[in-house]
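Chemist: Following this message is one structure expressed as structure tokens.
Read the figures in this text as sums done on the coordinates, not as results from a lab. Given the structure is predicted, the values throughout are model-derived calculations rather than measurements. Cβ coordinates were reconstructed from backbone atoms using ideal geometry, including for glycine residues, and neighbour counts include every protein chain displayed.
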Amino acid sequence: MAVDGVVGPIASGAAAGLLVLLAASVGDGPLPLVLLTLALLIGWKFVSSWVDRGYRRALPEALQHRRLEGVSLSRDDSEMEQVLRSRLTSQRPHEVLYSFDLLTTRFDVSVSELSEGLITHPHPEVRREVARRLALSDTPELERAIRAQIDTEEEPRVQTALLLALAASAEADAVDDLSPFINADSPLIAEAAMIGLLRTGGVDGILVAGERLLALERSADPTERVRTAHVLGDVGNRGFYRHLRPLLTDPDATVRTEALVAAGKISSPRLWPDVLASLDHIGLHRAAASALVA
């Protein structure tokens, strides 16, 4: 792999040049040229084997420092895949996640196959990233594992990602699991539960989360209206555009800013008049412009 990607082109060019020079200097007899070519091939085999052994020895350190960018990885390289899999048990979160990313993107290993063991990893950063990837995947086979981790998870940011992962994997079957979390003390967890219910919970999910969302939208507390904008933006459903309209003209500038961000994510033409109106506001024109080009 390393030989093919780095040494190979250089050595091939050098060998070709040497052969041209030899052909011009040895005269008409073919035997000297054949013997020299054979010597070059034997030397090349030795050098390539030596370089490749050194590369394999350096792989663990390269993984620790994420130094494989730009290296050509073959899906047929079973030894490389073995090394990457062995690093999934590391206690260094960046090493685990780097190996996880390479395996799922360069070797086409399924996210589901690797996630079942990593969703309980001791480091919260690993659990969170794995749950985030599951939220973007179709992995109904991991419903049980995700539910079990939700029951024991103590980190709010990881819990947030797990709720979204459960919503993606269980869809409407997750309504009963997510519903209790919409009133959680942690805003992050409560928002994640509402987002999951509104995204994939079907009619029941909309009924459960919609009531809570309307209460936040109509709250006298601007912080809760900001949360409404967060949820609507992350759900990304154009059908909910009407609930952003009052937030785009909210008296609180922070609420309006977050509503503009959400409008950019939803991209509903019905919101453009209110977004355009914010271009004249000195504190909102950047957010409004970003929403229009999102």
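Chemist: Length gain on complete extension for the stretch Arg218 to Glu154, per 0.36 nm per residue less the alpha carbon to alpha carbon distance?
Modeler: Gain in length upon complete extension: 20.0 nm.
Chemist: What are the semi-axes of the equivalent ellipsoid of segment 90-203, taken as the square roots of 5 times the eigenvalues of the Cα gyration tensor, listed largest first and rounded to whole Å?
Modeler: Values: eigenvalues 113, 50, 22 Å².
Largest first, segment 90-203 gives 24, 16, 10 Å.
Chemist: Among Met80, Met194, which comes first, then next, by fewest other beta-carbon atoms within 10 Å?
Modeler: Values: Met80 22, Met194 30.
Placing the least packed residue first, the sequence is Met80, Met194.
Chemist: Further question: For segment 218-294, what number results from the quotient of the Cα radius of gyration and 2.2 N^0.38 Å?
Modeler: 0.94
Chemist: Express in nm, to one decimal, how much length is gained between Arg238 and Asn183 on full extension, taking 0.36 nm for each residue of separation and deducting their alpha carbon distance. Don't skip to the end; give the middle numbers.
Modeler: Details: separation 55, 0.36 × 55 = 19.80 nm, distance 2.48 nm.
In short, 17.3 nm is gained.
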